[in-house]
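What follows is a short report on a single structure.
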Amino acid sequence: MSLEMVTLTINDEEVRAPRGSTILEVCRQKGIELPTLCHFDCLTPVGACRLCTVEVEGSRRNMSACTTPIAEGMKVRTNTPALREERRQILEMLFAERNHFCPVCPMSGQCELQALAYQHEIASVRYHYAFPKVPVDMSHPDIGLDQNRCILCTRCVRVCSELVGAQTLGVVHRGMHSLIAADLGVPLGESSCLSDGNCMQICPTGSLFDKRSAYRVRPEALRNAKPTICPECSVGCGFLVHSAGHILLRIDGDFDHPVNRGLLCKKGRFDLLDRNTLPNRVPQVRRNGRWEEASWEEAVAEAARGVRRVAERYGPEAFGAWVAPTMTTEAFRQLHHFVREVVGGSFVDTLRGEEWRSWRRSLERLEAMGLPVPRIPTIPEIDTATVHVIVGGDPVISHPVLGMASLRAAANRKATVFVIHPDRTTLARATGESLFPYDGEERTLLRAAVQIALRAGKMTEELAEAIDGVTEKLDLETLEDTVGVPVEQVIGMVNLLFAPETQAVWFLNLTDDHIRSLLPDLMLFAAVASEGPAWIVPLTSGNNLLGAVEAGCVADSMAAPRLRAALLSLPEWRGITPQWLEGLRETEFLVLHGEDLPALRNLADVWLPALPWAYQGGTRTNYSGRAQYAAPILFTEKAWTDEEIFRRLEAAYLAEPDR
Amino acid sequence: MSIPVQASQAVATSSMGAISPEVLEEIERVMAAYHYRPDALIQVLHRTQSLLGYLPKEALAYIGERMKLPLSHIYGVVTFYHFFSTVPKGRHECVVCMGTACYVKGAERIVDRLEQHLGIKPGQTTPDLRYTVQVARCIGACSLAPAVIIDGKVHSQMTPAAVLRELRRLK
Ligand code: SF4
Ligand code: SF4
Ligand code: SF4
Ligand code: FES
Ligand code: FES
């Protein structure tokens, strides 16, 4: 793509830049400093604060650089005494219009307004302070809104509608009486807010502030954040963690990270802070039927002895392991090595491994049929899609930063978003294009879509039959009665999906048994409807199912052998089912690593507690196959990381015969 | 794309409070006439207010749902224009002119007295829904300043006491 270049001068220096750039963009690119407040790189510029004001020769008034596009021959000045004075006045007015008391502001030291005031050497304010009475809203558990410090830059409003897509925040009233408000003027804590806190992070002042870190430490303590990857779901967002000692203070989105480009969700930003108490939990072993505390070395030796006993009595195949899709790839590898290669165990599988197996089976089927294999789009790619189809689940809750892509597409009318779910999910409420089939009728809905496509000549008999499986035709007239969705709505969706200019993206909830049973047919339908390879996002459990696959920890089939000894490695995992527990009844020796799960208490012989997420470093592969190294944030001598536990277990096992 | 909008009455009507089905239908007709286009919001709000006398939150929520507009946006528009009101109007409306001539002749004192006596600021309504007080820019009666409009009738050369007397006469 050849960009048309424009020549202009900035501060007497000739510069060339692509047409369509703003003056601000060119300045930033050329390293010319220009103060800004309302501007934020990923948001639509609005020119609200006028701090970036510049002189443009021939123009009667000064222009805001953030909104003014460059033009051929333009002569721009960015730093004349008059401009500096104008900026100083703007800043002083901002201080006078509201109640800024820096010494008691939680953002003092990190506030952009304050920094600019220092930069412009403002020692006093020439205007009368208005001392307006301004509302303070502390109703939200994590986000404070003290509009005494608001400068009405609307960054929060824009991030909430343009990037999050929640559209909770807005500006009410006008002029100097303007205020930020949620929904119809309700307290933030009672509003439609998703609690992701992106508005809070983007607020340049202490108006929207983090209640948890506020007033806890000096601002200097919040300067050395460590970058790492969120371990909460398979989106794999990049974030920066502020900590002091063993305490996590605050988590900020990483604007430079290609996956989430700064956005975080409630789970990543807030909930993770709660899950970080360094456990004073110590390993336990069962001796003569009673649980006793043990040192790490003792506990691991006990575990190794138990495994060896069983391997000697029943053969090594009687040993196996179950893991949760929540550990690092390195930990998975180490565990796999120990179980399969060192002991010679017969089995390692991941809880929810079925999600991957159904996905792989569906891909193989498409391949066998000679259809293009779907690809998993990145978030920037998803932003270019014109149709979103979300089947089952609520990504706004389960994979929120992905869900936000659909929310913002619907909010800004960039794409038509169809939510197919029996309930009015967060996303369904926001989009209004939702299909609400009766519970369990998703297959009938798919069959209806296939028939509509077939009738319209968009699909061959052969493909239709491959998807539908049954030849007996559905009565579309009565579809609304049987499925709960008006047939016109299905027709509209099918037409749109098969339209040549459509780029659809599908979000399929693989954690749902019913959707999984539909998966091969759904994926076939998506592939047929799409001109190129279909874009499909698998929504799966845990944060590193793909890492488990890579490390060989997802078995080829679900058949669980009868184990006599098992290692259950389930950090951060609570979702165990009675059927699965049933399969463990015959074990004689059980090592439990991870949570202290009451259901397993009576079965286990050794319990090895897992360290919280912030201590575990390693690789996690996200939903689209991007392997990312997550650096550990905290360190401790008192306990071992998951990987270390398996390494020590292996060493203890190998050392065992000599003892 | 022409996907028929699914009637979502079920969602909205359950919480419609005092708004009658007829009024709802009329609002629906107005929205439909504008094809639910977001830029027709002001017209829709206008009609709704003329039907109901004010804009109850339930009505705003309903309009938001049907026109697929976020509540924050609707509320921004409603609060931007002084014409719109989210509280019911009183049975009697008292508009005090605050144009230059009237201001000079003491309109502010009238507003202050009304506030003292009725306990409400301009734009507000007494809790018993008896009076609503408003202010206006010049109403074109400068020679008779200060001017006050009570229930549509212009009263000239008013004093705070005279306004209160007029108001007290109204039930
Ligand atoms: S937390 Fe998110 S949803 Fe809530 S107001 Fe802020 S940006 Fe909007
Ligand atoms: S709350 Fe913060 S981000 Fe929002 S308008 Fe005010 S200063 Fe700007
Ligand atoms: S979307 Fe997932 S990875 Fe991203 S911040 Fe939220 S929980 Fe963490
Ligand atoms: S940064 Fe340009 S107007 Fe605010
Ligand atoms: S100023 Fe009041 S009528 Fe003109």
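Read the figures in this text as sums done on the coordinates, not as results from a lab. Here the structure is a predicted model, which is why all the values come from computation and not from measurement. For neighbour counting, all protein chains shown are included, and Cβ atoms are generated from backbone atoms with ideal geometry for every residue, glycine included.
Which links in A:K266/B:K68; A:K211/B:K57; B:K89/B:K121 stretch past 20 Å when you go from one Cα to the other?
As for pairs spanning more than 20 Å Cα to Cα, those are A:K266/B:K68; A:K211/B:K57.
Which value in deg cm²/dmol, rounded to the nearest 500, describes the helix-derived mean residue ellipticity at 222 nm for the protein assembly as shown, given -39,500 (n - 2.57) per DSSP H run of n ≥ 4 and division by the residue count?
Computed ellipticity for the protein assembly as shown at 222 nm equals -9500 deg cm²/dmol.
Percent relative contact order of chain A, based on C-alpha pairs within less than 8 angstrom and at least six residues apart?
So the answer I get is 14 percent.
How much length is gained on full extension from A:V373 to A:V217, taking 0.36 nm per residue of separation minus their Cα-Cα distance? Don't skip to the end; give the middle numbers.
Working: separation 156, 0.36 × 156 = 56.16 nm, distance 5.18 nm.
Result: 51.0 nm gained on full extension.
Stokes-Einstein diffusion of the range B:102-171 at 20 °C, 1.002 mPa s viscosity, Kirkwood radius from Cα pairs, rounded to a whole number: 175 µm²/s.
When the alpha carbon coordinates of the range A:403-536 are projected onto the principal axes, the ranges are 40, 33, 28 Å, largest first.
Measuring from each cysteine beta-carbon in chain B, the ones with no other cysteine beta-carbon under 4.7 angstrom are B:C94, B:C138, B:C142. Scaled against the 2.2 N^0.38 Å expected of a compact globular protein of N residues, the Cα radius of gyration of the range B:16-82 reads 0.98. When all alpha carbon pairs of the range A:282-324 are counted in 10 Å bins from zero, the resulting P(r) reads 27, 42, 31, 0 %. Legend: calculated FRET efficiency, A:E480 to B:R47, from the Cβ-Cβ distance at R0 = 35 Å, rounded to 0.05, equals 0.65.
In terms of its C-alpha gyration tensor, the range A:39-101 has an oblate overall shape, because the principal axis ratio a/c (a ≥ b ≥ c, square roots of the eigenvalues) is not below 1.5 and a/b does not outweigh b/c.
Taking beta carbons within 10 Å but only from partner chains, what does the mean come to for residues A:181-192?
Other-chain Cβ atoms within 10 Å of each residue's Cβ, averaged: 4.
Here the protein assembly as shown carries DSSP beta bridges of which approximately 50% are antiparallel, counting only pairs with both residues inside. Rounded to the nearest 0.05, what FRET efficiency do A:K414 and A:R174 give with R0 = 45 Å and r taken as the Cβ-Cβ distance? Could you check? Working from the Cβ atoms, E equals 0.95. Strictly greater than 21 Å: what percent of every Cα pair in the range A:2-146 meets that? Distances greater than 21 Å cover 52 percent of the Cα pairs. Taking a straight line from the alpha carbon of A:K226, these aspartates and glutamates sit under 14 Å away, with near neighbours fewer than eight places off in the same chain left out: A:D252, A:D254, A:D256.
Across the range A:156-239, the fraction of Cα-Cα pairs farther apart than 18 Å, rounded to a whole number, is 55%. Note on the range A:503-606: Cα-only Rg and Dmax are 17.9, 56 Å. Over the range A:354-485, Cα pairs under 8 Å with separation of 6+ residues give a relative contact order of 16 percent. Just check the range A:269-372 against the gyration tensor rule for me: Cα atoms, a ≥ b ≥ c as the square roots of the eigenvalues, rounded for a/c under 1.5, and otherwise prolate or oblate depending on whether a/b exceeds b/c. Since a/c reaches 1.5 but b/c is at least a/b, the shape of the range A:269-372 is classed as oblate. With semi-axes defined as the square roots of five times the eigenvalues of the C-alpha gyration tensor, the equivalent ellipsoid of the range A:147-199 measures 17, 13, 10 Å, largest first. Quick check: from the Cα gyration tensor, does the range A:188-284 come out rounded (a/c under 1.5), prolate or oblate? Note, shape of the range A:188-284 comes out rounded. Note on B:63-73: average number of Cβ atoms from other chains within 10 Å of each residue's Cβ is 6. With only Cα atoms counted, the protein assembly as shown has Rg and Dmax values of 32.5, 113 Å. List residues of the range A:6-25, by number, whose backbone nitrogen lies under 11 Å from a label position 7 Å along Cα→C-beta of A:E72. Residues A:6-7 fall inside that zone.
Membrane-span-like helices in chain A (whole DSSP H runs, Cα extent of at least 18 Å along the helix axis, mean Kyte-Doolittle hydropathy of at least -1.0): A:81-97, A:296-314, A:442-455, A:513-529, A:642-655. Diagonalising the gyration tensor over the Cα atoms of the range A:372-453 and scaling each eigenvalue by 5 before taking the square root yields semi-axes of 21, 16, 12 Å, largest first.
Using C-alpha positions alone, give me the convex hull volume of the range A:488-536 per residue in cubic angstrom.
Cα-based convex hull of the range A:488-536, divided per residue, equals 77 Å³.
Set against the 2.2 N^0.38 Å expectation for a compact globular protein, chain B has a Cα radius of gyration ratio of 1.25. Describe numerically, in nm with one decimal, the distance between label points set 7 Å from Cα along Cα→Cβ at A:C42 and at B:D128. In this crude label model, A:C42 to B:D128 measures out at 5.7 nm. Shape summary: the range A:77-236 maps onto an equivalent ellipsoid whose semi-axes, from the alpha-carbon gyration tensor, are 28, 21, 16 Å in decreasing order.
Dividing the radius of gyration of the alpha carbons in the range A:544-602 by their Kirkwood radius gives 0.95 for Rg/Rh. The base-10 log of I(q)/I(0) for the range A:107-198, evaluated at q = 0.10 Å⁻¹, reads -0.31 [Debye formula, identical scatterers on Cα atoms, solvent excluded]. Work out, in µm²/s and without decimals, the Stokes-Einstein translational diffusion coefficient of the range A:72-144 at 20 °C, 1.002 mPa s, Rh from Kirkwood over C-alpha pairs. It diffuses with D of about 146 µm²/s by this estimate.
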